[in-house]
1. What strands (runs of 3 or more DSSP E) completely inside the range B:195-266 contain at least 2 residues that are farther than 28 Å from A:THR30 by Cβ and away from chain A (no Cβ under 13 Å)?
2. For the range A:37-59, enumerate the residues that are surrounded by fewer than 20 Cβ atoms within 10 Å (Cβ to Cβ), in contact (Cβ under 8 Å) with a residue 24 or more places away in the chain and under 20 Å from A:GLY97 (Cβ atoms).
3. Is it the case that B:LEU26 is under 15 Å from B:SER90 (Cα atoms) and surrounded by 18 or more Cβ atoms within 10 Å (Cβ to Cβ)?
4. Just name the residue that is modelled with the lowest pLDDT out of those in the range A:203-217 that are surrounded by fewer than 17 Cβ atoms within 10 Å (Cβ to Cβ) and in a loop (DSSP other than H, G, I, E, B).
5. What is the residue count in the range B:137-181 for residues that are in a loop (DSSP other than H, G, I, E, B), among the β-branched types (Val, Ile, Thr) and within 14 Å of B:LEU263 (Cβ to Cβ)?
6. Exactly one of (1) touching a Phe, Trp or Tyr at 6+ places or on another chain (Cβ under 8 Å); (2) surrounded by fewer than 19 Cβ atoms within 10 Å (Cβ to Cβ); (3) under 30 Å from A:ALA265 (Cα atoms) is unmet by A:GLY171. Its number?
7. Considering A:LYS90, A:LYS127, A:LYS140, which residue is closer than 20 Å to B:VAL209 by Cβ, of a type in the set (Lys, Arg), assigned to a helix (DSSP H, G or I) and not assigned by TED's automatic domain parsing to the domain that holds A:ALA267?
8. Would you call B:ILE188 under 26 Å from B:ALA220 (Cβ atoms), within 14 Å of chain A (Cβ to nearest Cβ) and surrounded by 18 or more Cβ atoms within 10 Å (Cβ to Cβ)?
Amino acid sequence: MDEFIQLNGIRINATFAEAFDMKATRLIITADDRQWATDAAAAMTGFGTSVIACGIEIAVERELAVDETPDGRPGVAILAFTVSGKEMEKQIPQRAGQCILTCPTTALFAGIEETTPKSDKRIPIGKSLRYFGDGNQISKMIGSRRYWRIPVMDGEFVCDHDVSRIDGIGGGNFILIGNNVKAVSTACRAAVQAIRTVDGVITPFPGGVTRSGSKVGSKYAALFASTNNAFCPTLRTMDPSSELTRDESVAMEIVIDGLSTAAIAHAMRVGIQAACDSQTDGGLLRITAGNYGGKLGRHHFHLAEILK
Amino acid sequence: MNSWLLELRQQPEHDVDASAISLRALAQIGDPDQIKRLTLRCGQEPRPLGDLFSVSKLQSENELRLVGDLTRFHRLGIDHRSGRITIQGSVGNYAGAMMSGGEIFIAGAAGDFLAAPVDAFRSGMSGGRIVVRDAAGDHVGHRMRRGEIFIEGAAGDFVGSHQIAGTIVVAAEIGKSIGYAMRRGTLIVTEPPDTSRTRFSEPIEANSVICPLLGRETKAWATKNRALSFACNNVLQLVDRIAVDGFQSIRGDFAVGGQGEILFPR
């Protein structure tokens, strides 16, 4: 905690965020109008903040204009991350079936560009959902892509047969520390807004921010994660592992999952910059990052290097 | 993968079985004289290919280009699997028979049984794409089970007969008995077809994003191959029209428990 650089008078600890390999994919939701597309995306990405209990980290990457979607309608791109391919194969069809298939006028497409030869790591979409058609579903090959057309009450639900799974990275992060909730909230919101302009990353927690950052393990055997004592202000005076100083009373964390190290590093850079540029009236004091000493994740994002 | 240009030098006196003119076989041959020695069955007589065609090499990759009026040449592109066959002229019957991949572009007209199975085979086209710039004869896409056939002009009777899957678009008039015994698959035509009400449903108004998907993919493909004159403007216009304005859909053929669809503009 001793070494730091300064950005707009805010201390940036010379530490690093430790991130892990994950499995990732991108899906594109389209609909007749933007309202339905965003409603479907909101449902699909619900309860998808952390793999710890949700099984998946999933959020909107960005909104897509009509000329960016496969069918020329308004759309939303979402990114999903899991710890295993098997979990992804379970989560995506379940969520697509309950959240996209159910939403009026929507269609669901693969958002990962196909390689040649085609990747054999596939996540089913229509491959699973087609059975809802009860024998009335229609498979349609257009070019090299197989779509499914499932009769539903507003016409047809159209979706890709499957989507390829790629390697992703989860757990890029930085922690904003200040002396009041309003200031840290303001800084977090500025950071998340800046990060949302970056392609290939998501911030899966509510509003892109979590106040319950976790450490690995627990005194309770059944739990493999528990509260991050080091950044809990109420434990500062009684926990020797606390990393907070006397004037630091609030900490919030922004977790970033991304499709590449470059995307996460870029997102961290613009996020930290935006937080430091935000109007917090001196309430934002310090930015640091969460790690486990470099022993668990192979991706290390050093704040000092990122901000160079 | 060698590419070859075959230019017709003289019209044959009889119909020709052109099965031997296969891109898959020709792409493995490096010597034009070897190609000229290939035997074609002309009527009941075998005849060297070199008697009918001049042969020269092309610079492109995995392509066979034929030039001339080939209406007496049947089974051209039979069992085609990959690469591009371009025919600058018209072709006879069974062009693209049982093809399973690649592209065939016919700059003129096609005869009967385009992409259909030959002899005692029961499966027609199972992949790839055929574009016919002019008209096509009867039984287009007979027993088709995958792939796309785009006819810029008119088509004869029994379009999509016994079709199992795949897409056929005919951008001008069609003959009688469209979709006869079709089980699945999509036929897109310009006008309401004259179908039996006992075998096909009443038309219903519908909309589906599958039409814009087909239109966009076809447009992208046509644009990519513009230099090779793979244009299919009439087909694109028709698909665009039903994508934007919606379409009417007829389902059948109920006589065989079919769920095929015939789409046409509202």
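1. Values: elements: B:204-206, B:247-252, B:260-265.
It comes to none.
2. Scanning the range A:37-59 gives A:THR38, A:ASP39, A:ALA43, A:GLY46, A:GLY55.
3. Details: under 15 Å from B:SER90 (Cα atoms): no; surrounded by 18 or more Cβ atoms within 10 Å (Cβ to Cβ): yes.
Criteria not met by B:LEU26.
4. Just the residues of the range A:203-217 that are surrounded by fewer than 17 Cβ atoms within 10 Å (Cβ to Cβ), to begin with: A:206-207, A:211-212, A:215-217.
Subset that is in a loop (DSSP other than H, G, I, E, B): A:211-212, A:217.
Working: A:ARG211: 97, A:SER212: 96, A:GLY217: 90.
Filtering the range A:203-217 for residues that are surrounded by fewer than 17 Cβ atoms within 10 Å (Cβ to Cβ) and in a loop (DSSP other than H, G, I, E, B), the one modelled with the lowest pLDDT comes out as A:GLY217.
5. Let us first name the residues in the range B:137-181 that are in a loop (DSSP other than H, G, I, E, B), namely B:137-145, B:152-154, B:156-166, B:171-173, B:175-181.
Remaining after also requiring among the β-branched types (Val, Ile, Thr): B:140, B:159, B:164, B:178.
From what's left, within 14 Å of B:LEU263 (Cβ to Cβ): B:159, B:178.
Within the range B:137-181, residues that are in a loop (DSSP other than H, G, I, E, B), among the β-branched types (Val, Ile, Thr) and within 14 Å of B:LEU263 (Cβ to Cβ) number 2.
6. Every condition holds for A:GLY171 apart from (2).
7. Numbers: A:LYS90 fails: closer than 20 Å to B:VAL209 by Cβ; A:LYS140 fails: assigned to a helix (DSSP H, G or I).
A:LYS127 is the lone residue from the list that is closer than 20 Å to B:VAL209 by Cβ, of a type in the set (Lys, Arg), assigned to a helix (DSSP H, G or I) and not assigned by TED's automatic domain parsing to the domain that holds A:ALA267.
8. Working: under 26 Å from B:ALA220 (Cβ atoms): yes; within 14 Å of chain A (Cβ to nearest Cβ): yes; surrounded by 18 or more Cβ atoms within 10 Å (Cβ to Cβ): yes.
Criteria met by B:ILE188.
The values are calculated or read from the model by the stated rules, or taken from the named source; none is laboratory data. On a predicted model such as this, the values are computed, not experimentally measured, just so you know. Cβ atoms come from the backbone with ideal geometry, glycine included; neighbour counts cover every protein chain shown.
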